[in-house]
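The values are calculated or read from the model by the stated rules, or taken from the named source; none is laboratory data. Just so we're clear, the structure is a prediction, and the values are computed from it rather than from any experiment. Note that each Cβ is placed from the backbone with ideal geometry, even for glycine, and that neighbours are counted across all protein chains shown. All accessible areas refer to the heavy atoms of the entire protein, side chains included, with ligands and DNA or RNA removed. Shrake-Rupley method; radii C 1.70, N 1.55, O 1.52, S 1.80 Å.
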Amino acid sequence: MKLDILAFGAHPDDVELGCSGTIAKEIALGKKVGIIDLTRGELGTRGSVEIRNSESAKASEVLGISVRENLDMRDGFFVNDEAHQMKIIQMVRKYRPDIVLCNAIRDRHIDHGKGSKLVSDACFLSGLRRIETTHEGVTQEAWRPKVVYHYIQWENIEPDFVVDITGFIDKKTDAILAYSSQFYSENSKEPVTPIATKNFLESIHYRSQDFGRLVGVEYAEGFTAERYLAVNSLSDLK
C-alpha cells in the first residue's frame, strides 16, 4: 500500500496531539494516511500498555487512517542508531509516502526530540539504494519522501507554516480524547501529569485558535520544515 502521508510519533497520542486536524483534513481531501508509533508508551504514569493499545485503535478509527503500526521501541530508551534507523527505513520503503510528519524538533519529553531526529535521519537514509532492507521476505526498493515536516507539541516553537484545520477541530479533539486514560477527567483517580490537567486539555483548542488567529482562520496547526518552502507563484500563498 502506497500512502500519501506517513505520520510518526514517539508515543501513541503524539500524532493526535500534534497534527490530527491536518490528518483529518487530508483524509477528507482523499489522501491515504498512516501512523507509525515508535513505542507503546509503557513508561507513562497513567493507564497501561493494554489500555493505550485500545485507545490507539479507537483514535485511528476516529481519524479514518489507512494503517497504523507500532515498532515496539523502548519508551524512554530508544536511540538514534543503525538498528533503530533500519526499522524506520523499512516502514518508509513499505509505505512510500510523499510526505512524512514527525515529532517536534525539541520538546519537554526527551523522546520527542530523539524521535524527531531518528525519523528525519532514517528518511534520508531510506533513499540510498546501497542500504538493503527486506520486509516479510521481500527486498525493498529505496524510497525517500519528498518532504519531512515536524509538528509542534509542548513547547511554543515558531512554525514555518500553518495548516488551516477549521472544520476539523472536533475530529482532532475526539481523536485526542480517545486516549481517555491520559488526559484530565474530574473523576479520575490516576496521578496528575503535565498533560492530565484541565489547563492542558483547554490548550488543545486555544493553541489551535492562536495559530488560526495569526493567519486569519478559526483554527490551525503549526509545523516546522527542514528546507525552504517553495511555491509556484505568489498567489499560492494565503
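Heavy-atom surface analysis with a 1.4 Å probe gives the chain a carbon and sulfur content of 52 percent of its accessible area. Taking each of Lys87/Lys171; Lys94/Lys238; Lys87/Lys146; Lys87/Lys189; Lys32/Lys172 in turn, the alpha-carbon distance tops 28 angstrom for Lys87/Lys171; Lys94/Lys238; Lys87/Lys189.
Each label point was placed 7 Å from the Cα along the Cα-to-Cβ direction; for Lys146 and Ala83 their separation is 3.6 nm.
The distance separating the Cα centre of segment 1-35 from that of segment 160-178 comes to 11 Å.
Working from Cα pairs under 8 Å separated by at least six residues, relative contact order for the chain is 24 percent. Considering only Val217, Ser180, Phe168, whose Cα is most displaced toward the positive end of the charge dipole of segment 158-224, charges sitting on Cβ of Lys, Arg (+1) and Asp, Glu (-1)? My answer, from the dipole projection, is Ser180.
Compute the FRET efficiency between Glu218 and Lys117 as 1/(1 + (r/R0)^6), taking r as their Cβ-Cβ distance and R0 = 35 Å, and round to the nearest 0.05. It comes out at approximately 0.60.
With a/c under 1.5 counting as rounded, go ahead and sort the chain into rounded, prolate or oblate using the C-alpha gyration tensor (a ≥ b ≥ c being the square roots of the eigenvalues; past the cut-off, prolate if a/b is larger than b/c, else oblate). Since a/c reaches 1.5 but b/c is at least a/b, the shape of the chain is classed as oblate. Note on Arg129/Asp236: beta-carbon distance plugged into 1/(1 + (r/R0)^6) with R0 of 30 Å gives a FRET efficiency of 0.35. In segment 99-231, the C-alpha radius of gyration followed by the widest Cα-Cα span (Dmax) gives 18.0, 55 angstrom. Placing +1 on each Lys and Arg Cβ and -1 on each Asp and Glu Cβ, with no other charges, gives the chain a dipole about its Cα centre of roughly 460 debye. Note on exposure: Thr173, Thr133 ranked by accessible area (1.4 Å probe, complete protein assembly) read Thr173, Thr133, with the most exposed listed first. If you average the C-alpha positions of segment 180-238 and of segment 64-89 separately, how far apart do those two centres end up, in angstrom? Answer, in whole Å: 24.
Mean residue ellipticity at 222 nm, helices only, the chain: -12000 deg cm²/dmol; runs of at least 4 DSSP H residues each add -39,500 (n - 2.57), and the sum is divided by the number of residues. For the peptides 108-116, 89-97, residues were scored by their other Cβ atoms within 10 Å and the scores averaged per peptide; the highest-first order is 89-97, 108-116. Projecting the alpha carbon convex hull of segment 187-238 along each direction and taking the average yields 5.8 nm².
Between the amide H of Ala220 and those of Ile165, Gln209, Phe211, Gly212, distances stay under 5 Å, these residues lying 5 or more places away or on another chain, with hydrogens modeled in the peptide plane. The accessible-area ordering, largest first, of the residues Tyr179, Tyr149, Tyr184, Tyr228 stands as Tyr228, Tyr184, Tyr149, Tyr179, per a 1.4 angstrom probe. Set against the 2.2 N^0.38 Å expectation for a compact globular protein, segment 75-161 has a Cα radius of gyration ratio of 1.14. All C-alpha pair distances within segment 1-107, sorted into 10 Å bins from zero, spread as 14, 49, 32, 4 percent across the bins.
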